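See structure below.
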Amino acid sequence: MNDLTQPFVKLSTSNTELVTRFAQSPEVAELAKANAEKFLDLAQKAFGGAAASSAHADLVRSLAENYATFARENAENLMGLLARGQAAVAQQVTAASERMAAATEVKKR
């Protein structure tokens, strides 16, 4: 019995080979290269104009403000941590001194 799908498989395989050969042909490769170069030229012109725009200046200013806010808030958080750490150390030193004084009093008796 003949496999009913075999003609479809052969057609698909043959068409795939033809499309692949077409896509890899020197003519198509040259067209793709030329179109890619045109696209890159247009993109460079468009983005070059964007860098000189007021929108770009606003972006840069806003980014600088964001980083300045971050740096200020981070410094405030670090200073708060240091202050809490310093207070905790002072409290522990005071408690240790009191325990030492109490132990010394007990030994004197």
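The values are calculated or read from the model by the stated rules, or taken from the named source; none is laboratory data. All values derive from a computational prediction rather than experimental measurement. Neighbour counts are summed over all protein chains in view; Cβ atoms, including those assigned to glycine, are modelled from backbone coordinates with ideal geometry. Protein only, heavy atoms only, side chains kept; ligands, DNA and RNA dropped before computing areas. Shrake-Rupley method; radii C 1.70, N 1.55, O 1.52, S 1.80 Å.
Just one of the listed residues (Val60, Val93) is among the aliphatic types (A, V, I, L, M) and more than 29 Å from the chain's Cα centre (by Cα), and it is Val93.
The rows are residues; the columns are (1) part of a helix (DSSP H, G or I); (2) modelled with pLDDT under 90.
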position	(1), (2)
Leu4	no, yes
Ser12	yes, no
Val19	yes, yes
Gly49	yes, yes
Asp58	yes, yes
Ala64	yes, no
Ala75	yes, no
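For the condition hydroxyl-bearing (Ser, Thr, Tyr), part of a helix (DSSP H, G or I) and surrounded by 10 or more Cβ atoms within 10 Å (Cβ to Cβ), Thr104 does not qualify. Pairing residues of region 56-85 that are open to solvent by less than 100 Å² (accessible area, probe 1.4 Å) with residues that are of a type outside the set (Asp, Glu), at Cβ distances under 8 Å and at least 6 apart in sequence or on separate chains, gives His56/Ala50.
Taking region 1-32 only, how many residues are of a type in the set (D, E, K, R) and loosely packed, with under 10 Cβ neighbours inside 10 Å? Counting residues in region 1-32 that are of a type in the set (D, E, K, R) and loosely packed, with under 10 Cβ neighbours inside 10 Å gives 2.
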